[in-house]
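Read through the structure below, which is laid out as C-alpha cells, and then see the notes.
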Amino acid sequence: EVARLALNKLIADGRIHPSRIEEIVAETTKEMERHVQKVGHEAVQEAEVHGLHERIVNLLGRLKFRTSYSQNVLRHSIEVAFVAGMLADEMGLDGTLARRCGLLHDIGKAADHDIEGGHPKIGADLLKRYGEPAEVIQAAMGHHDNPHVANPYTVIVAAADACSASRPGARRETLERYVKRMEELETIAASFAGVEQAYAIQAGRELRVMVSSKETTDESAAKICRDIAKAFEERLTYPGEIKVTVLRETRHTEMAR
C-alpha cells in the first residue's frame, strides 16, 4: 500500500529521481502509520471494545490490508466480534469479553510476516505481552482445532469464526463451493423424467422445480418431489434442511369468435 501511494504521488509530481523517491516513500510511510492507527481506533469503536494497548490497536489497523481467501481480515474480525458477543449473550456469558476475544482472535495475522510461526501462536504471544485477559489469549491460540479448550469463549470464537468465513460469497474458496452446490442441486433435480427446469434459491436452502404438465400428473409430480428430496439425502452433505417445491402448471386456452 505504501508503494502504491508513493508511486501515485511520484507520477502526479513528475519529479522522479532517487532522492525524490526516498523522500516520498518516507513521507508516505509516516502517513500510512497514522492512517493504520486511525483505522484501528475506528475498528475498536465499531466493535465496542475498549482499553486496548496502542500497539494492539495498530495491529488491528494493519489487518485492513490483509486478506484471507479474498476476505478482508479486519472486516472478518469485526464480524466475529459481533457474532461471538451475541452467542455469549444468548448463553448467559459475558458478551463484552466475547466481543474482545472475537475482535482479537486473528491479531497474529498482522505480524506473521515479521515473526516466525503460525498466526494463533503469534497472536497469543502478542496478547499476553500487552496484558490481555487469559480468555482472550486462549481464544486466539485455540480457535483453530485446538483440542485443549480451556474456556467457553474459545469455543464461541471458533463458532463465530466459522460463521463469518463460511458465509456465501465471503471468501473466494467458499464462493466456488457455494456455486458448485447450487449447480449440484439443480443437476440432480433435472435428471428426473418430466422435469423442465430447476432453480436453487435462498442460498441453496430451497429448490423450485417446474415439471411438464403433459408428461406428469398431480400424483406423479408429488412422487417426483419426494424422490428429489430423497436423492439429496443420499447424495449430498449439507447443513440444515433443503425445501423442495414442485410446480405443475396446466393452462387451457380457447378463442371466442
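Here, each number is a calculation from the coordinates, and none is a lab measurement. Remember, it's a predicted structure, so these values are computed and weren't measured experimentally. All Cβ positions, even for glycine, are placed from backbone atoms using ideal geometry, and neighbour counts span all protein chains on display.
Summary of computed values
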| read-out | value |
| --- | --- |
| Residues of the stretch 26-79 that turn out to be within 23 Å of the chain's Cα centre (by Cα) and not aliphatic (A, V, I, L, M), as a count | 22 |
| Search result, residues across the stretch 1-37 that are among the β-branched types (Val, Ile, Thr), farther than 29 Å from residue 80 by Cβ and either surrounded by fewer than 16 Cβ atoms within 10 Å (Cβ to Cβ) or in contact (Cβ under 8 Å) with a residue 24 or more places away in the chain (or both) | 11, 16, 21, 28, 29 |
| Members of the stretch 13-25 that are farther than 25 Å from residue 66 by Cα and either among the basic types (Lys, Arg) or within 37 Å of the chain's Cα centre (by Cα) (or both) | 15, 20 |
